[in-house]
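The values are calculated or read from the model by the stated rules, or taken from the named source; none is laboratory data. For clarity, every value in this text was computed on a predicted model and none was experimentally measured. Virtual Cβ from ideal backbone geometry, glycine too; neighbours counted across all protein chains shown. To get the accessible areas, we keep the full protein, side chains included, count just its heavy atoms, and leave off ligands, DNA and RNA. Shrake-Rupley method; radii C 1.70, N 1.55, O 1.52, S 1.80 Å.
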Amino acid sequence: GDVWIEGEQTYKFEIDLSTLSASPLQSDYVGTLFAVKHAFVVEIARPWWTFNVIHYEPLSVYNVQELPTGNLGRRQMSEEEIEMAIETELRANELTGEDDEEDSVVRDRWLESYNREMNTPSNLLSVLDFPAKVCEFEYGHDWCEMGGVISGALNVQEAQVGVKSMTLTLFKVESVDGEQVESVLKTMDLCPKSDTDESGVAEAFVPEFNGTRVDFDTGRIHTQTTKDSDDESLWLAPTISKAPSGTSDNAEKHNFSCAYFLRLNLVSDLDVNYWDSNEVYFYRARMPEGVTAGHGD
């Protein structure tokens with residue numbers, strides 16, 4: 001029956017988040033296209049002649065996960081995504097005036113490139129079109145703990161051209177219902193210190209790396225819109241796989257996600273870009289400093 005409350009009352013509660021229909025809950029996230037936030041909602045039902053009392057209390061959710069033991073592998077595209085990618089390639093050729101090839105030739109070339117990528121280890125960046133015997137960066141795993149270091153070996157041998165820029169870049173791609181935005185998070189210069197010309201531009205050099213160790217530190221990389229905040233929990237966030245956005249019942253078309261990619265990029269002395277990108281899956285393996293899980297009242 002009805003419960004009448006007089007004066008101040010305290011009610012203990014405990015909620016097992018793993019039993020919720022949306023389990024596991026997404027970690028709190030604030031990005032450019034979307035945000036994920038949580039709150040407790042307390043409603044006190046009052047008699048029909050007055051209004052109910054509703055109170056919202058913000059709640060921070062941190063989804064702590066065990067780190068994988070091996071590579072997670074590359075994401076395979078659906079047939080629909082493949083067709084969309086090929087159509088994008090065809091339209092790009094039309095816009096650049098490079099549409100003298102048959103559509104079937106463009107399709108076969110794209111599929112060949114895609115299949116080659118799917119058969120390449122997901123922790124290997126290999127720039128196949130760069131004119132060299134080998135141009136690659138192999139690192140430990142295709143995943144990284146938030147704030148961790150991506151360590152690997154850089155190999156560039158028998159290059160036939162000079163380069164004036166060589167970088168490793170970490171960027172994220174946010175997606176909501178088909179809309180995407182890309183943000184560069186950090187760029188690491190791999191070029192050795194060299195002399196500059198009269199205009200102050202670094203002179204081109206012929207790269208030669210034989211298993212050179214590279215440590216790409218992801219610590220304190222800020223991915224949020226509140227860039228003036230010093231709250232580390234708002235910094236690099238875990239990867240968000242496709243989750244229903246709730247804008248329709250079609251979760252395949254209406255979803256949101258946040259993915260991270262590592263790119264090895266070279267710019268030759270003739271301003272030709274060569275690059276390869278891999279997805280890197282980020283995990284939160286521990287609670288942020290100063291935050292503890294507990295009960296409420």
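Rg/Rh for the stretch 88-137 (Cα atoms only, Rh after Kirkwood) is 1.08.
Available extension along the chain between S151 and E87 is 19.4 nm, counting 0.36 nm per residue and deducting the alpha carbon span.
Computed from Cα positions, the angle between helix 79-95 and the longest principal axis of the chain comes to roughly 50 degrees.
Please go through the residue pairs K133/K242; K133/K186; K164/K253 and name each one whose alpha carbons sit more than 30 Å apart in this structure. Show your work: numbers first, answer last.
Numbers: K133/K242 38 Å; K133/K186 28 Å; K164/K253 42 Å.
As for pairs spanning more than 30 Å Cα to Cα, those are K133/K242; K164/K253.
Carbon-plus-sulfur accessible fraction, the stretch 11-100 (probe radius 1.4 Å, protein heavy atoms only): 54%. Annotation: per residue accessible area for the chain equals 65 Å², rounded to a whole number [probe 1.4 Å, protein chains only].
Taken along the Cα-to-beta-carbon direction at a fixed 7 Å, the label points for E182 and D16 span 4.5 nm.
With a sphere of radius 14 Å drawn around the Cβ of D276, what net charge do the other residues whose Cβ falls strictly inside it have (Lys, Arg +1; Asp, Glu -1)? Can you show the working numbers first?
On the way: positive: R74, R116, R263; negative: E117, D129, E136, E138, D142, E279.
Result for the neighbourhood of D276: -3.
If you count, for each residue, the other Cβ atoms within 10 Å and average over each peptide, how do 179-189, 114-124, 130-140 line up from highest to lowest? Numbers along the way, then the final one.
On the way: 179-189: 12.5, 114-124: 14.1, 130-140: 18.8.
In descending order of packing, they fall as 130-140, 114-124, 179-189.
For the stretch 1-99, the list of GluC sites (Glu not before Pro) that fall in a loop by DSSP and count at most 14 other C-beta atoms within 10 angstrom reads E6, E8, E14, E66, E98. Relative to the longest principal axis of the Cα atoms of the chain, the long axis of helix 103-118 makes an angle of roughly 70 degrees.
Computed over the alpha-carbon pairs of the stretch 52-189, the distance histogram in 10 Å steps reads 8, 24, 35, 21, 7, 4, 1, 0 percent, short to long.
Please give the contour-minus-distance gain from L270 to L25: 0.36 nm per residue of separation, less the Cα-Cα distance, rounded to one decimal in nm. Could the numbers behind the result be given before it?
Working: separation 245, 0.36 × 245 = 88.20 nm, distance 4.90 nm.
Additional length available on full extension: 83.3 nm.
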